[in-house]
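Below: one structure, written as structure tokens.
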Amino acid sequence: MIRRRWVTAVVIALLIGIPAGYLVISAEQSRDSGRDKQAESSATGLRDSWPSKMKRRVFEVPIPGNATDVAYFETSNWKSSRLYVQFTTDGSGLDDFLQDVGSSRSELVPDRVTIGERDADTVGWSFPDSHDWAGTTHRRPDPRPTRDITVDLTDPAAPRVYVVSTATP
């Protein structure tokens with residue numbers, strides 16, 4: 001009789017304890033996720049990290065695997081969404097990036113900065129005349145994003161790439 005009551009108490013504790021524990025863990029994970037999203041949305045400049053794979057896929061910005069000094073920033077409003085990305089790569093990484101976006105080095109126009117002043121000011125970019133710039137704009141039919149690409153070729157072994165990808169719904 002005592003053994004049966006003991007087994008019943010353990011079963012009831014498990015039936016209540018396991019779901020309660022799951023709810024506590026789930027609530028904490030949800031809360032952490034909200035904090036991460038809040039921190040990202042309240043950012044006012046470039047974040048020194050890689051954009052998520054989903055963002056790279058939506059905005060069609062294929063960052064080469066060997067890229068360094070990667071930073072990004074995203075803005076959204078009712079008219080358009082923009083992903084600002086900068087990274088440093090090597091010559092083959094630049095070629096791979098341009099090929100992945102449907103372009104090539106031959107489409108880079110020397111001495112051309114394709115990123116507008118408003119976009120550059122949004123993330124604090126400057127494009128001084130003393131650098132060797134080349135740029136292109138890669139347009140795609142809506143709803144695919146348009147990408148303004150500017151490359152600093154001052155150091156050909158380590159080109160610095162700046163991209164503003166604009167998606168309109």
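The values are calculated or read from the model by the stated rules, or taken from the named source; none is laboratory data. None of these values were measured; they are calculated from a predicted model. All Cβ positions, even for glycine, are placed from backbone atoms using ideal geometry, and neighbour counts span all protein chains on display. Quick note on the areas: whole protein, heavy atoms, side chains included, nothing else; ligands and nucleic acids left out. Shrake-Rupley method; radii C 1.70, N 1.55, O 1.52, S 1.80 Å.
Some values worked out for this structure:
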| quantity | calculated |
| --- | --- |
| Residue count for region 125-166, restricted to those that are open to solvent by 20 Å² or more (accessible area, probe 1.4 Å) and of a type in the set (A, V, I, L, M) | 3 |
| Residue match in region 24-40 (condition: outside any loop (DSSP other than H, G, I, E, B), open to solvent by less than 70 Å² (accessible area, probe 1.4 Å), at pLDDT 75 or above and not hydroxyl-bearing (Ser, Thr, Tyr)) | yes |
| Residue within region 67-74 that is over 15 Å from Val163 (Cβ atoms) and at pLDDT below 90 present | no |
| Residue tally, condition within 25 Å of Pro169 (Cβ to Cβ), surrounded by 15 or more Cβ atoms within 10 Å (Cβ to Cβ) and among the hydrophobic types (A, V, I, L, M, F, W, C), over region 51-68 | 4 |
| Pairs where the first residue, in region 77-95, is free of Cβ contacts under 8 Å to residues at least 24 places away in the same chain and the second is surrounded by fewer than 23 Cβ atoms within 10 Å (Cβ to Cβ), C-beta under 8 Å, 6+ apart | Asp95/Ser104; Asp95/Arg105 |
| Leu94 more than 22 Å from Arg47 (Cβ to Cβ), open to solvent by less than 20 Å² (accessible area, probe 1.4 Å) and among the aliphatic types (A, V, I, L, M) | yes |
| Qualifying positions in region 128-143 - within 22 Å of the chain's Cα centre (by Cα) and free of Cβ contacts under 8 Å to residues at least 60 places away in the same chain | Gly135, Thr136, Thr137, His138, Arg139, Pro141, Asp142, Pro143 |
| Any hit, region 99-118, residues being among the hydroxyl-bearing types (Ser, Thr, Tyr), over 19 Å from Ile63 (Cα atoms) and open to solvent by less than 40 Å² (accessible area, probe 1.4 Å) | no |
| Criterion violated by Tyr72 - all others in (1) surrounded by fewer than 19 Cβ atoms within 10 Å (Cβ to Cβ); (2) among the hydroxyl-bearing types (Ser, Thr, Tyr); (3) under 20 Å from Gly135 (Cα atoms) satisfied | (1) |
